[in-house]
Structure formats: structure tokens, C-alpha cells
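K.L.:
Please read through the structure below; I'll follow up with questions.
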Amino acid sequence: MATEPAAAEPAVPSLVDRYFTRWYKADVKGKPCEDHCILQHSNRICVITLAESHPVLQSGKTIKSISYQISTNCSRLQNKVSGKFKRVRPVILYLNCFSLCLCLCLPLSLSLCLS
């Protein structure tokens, strides 16, 4: 008597897939392949990440450290977000004008990952 194969269980979505909407910003500042992924939570707070096509991830380098101290006078850790309406607009402003962090990669190289 042949047995029926067990029905495949549906895959459980990851936390990111379940709670975030993905938005992509391609060729940031006109640099080819410098793509960023913006994860927008249902409460409208955004998390900025590197897209899978970003050169740091494509080159197979390992990110050793991330620094939010952009210069001696500029630290992104000092940025404050307050108020009732924290919208996506400041995120788009950052992606177009400012560097968010510096990444130290192995083998040794320094990248403005989110610039």
C-alpha cells in the first residue's frame, strides 16, 4: 500500500517579511549599484539597510564594525527623533544628501555604506 507524501507545511514568514514593507532606492547619489533598502514598519518608523545588490555585500567582504561618527563634529548617534509625526521625509533627505555611517570591512577597507 502506497503512502501519501506529507503535505508540505507553509513556510513561516520572517520577522522582516511579516512586519515591514520594503522600499528600494537605487543608485544613491548617482553611483551605480549603490542601492539601499528601506524597511518601513506599520507604525511608519523606517530602518535603512544595504540592498542585496550593494557592492559591500556583493564583494563577499565581512563588515567588521560600523561607526556613526561621520566626522569630528558629526555623530549620527546624537540625532533625535521626536514628535507625533515621524515620517519618511527625513529618511529620503538623508539618503540624498548625507552619510549615515562608515563601515570597516575585512579585508581592510573603509566604505561609506549608507551615504
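The values are calculated or read from the model by the stated rules, or taken from the named source; none is laboratory data. Everything quoted here is computed from the prediction, not taken from an experiment. Cβ: placed from backbone, ideal geometry, glycine included. Neighbour counts: every protein chain shown.
K.L.:
Could you run through segment 35-58 and say how many residues are without any contact (Cβ under 8 Å) to a residue 12 or more places away in the chain and closer than 15 Å to Cys103 by Cβ?
P.N.:
1
K.L.:
Let me ask another. Residues of segment 44-53 being at pLDDT 85 or above and not in a strand (DSSP E or B), which ones?
P.N.:
Matches in segment 44-53: Ala51, Glu52, Ser53.
K.L.:
What number of residues within segment 89-107 satisfy the criterion of being within 16 Å of Leu39 (Cβ to Cβ) and at pLDDT below 75?
P.N.:
Result for segment 89-107: 5.
K.L.:
Identify, please: which residue in segment 39-69 is on the phi < 0 side of the Ramachandran plot and of a type in the set (Lys, Arg) and is, among those, surrounded by the most Cβ atoms within 10 Å (Cβ to Cβ)?
P.N.:
Lys61
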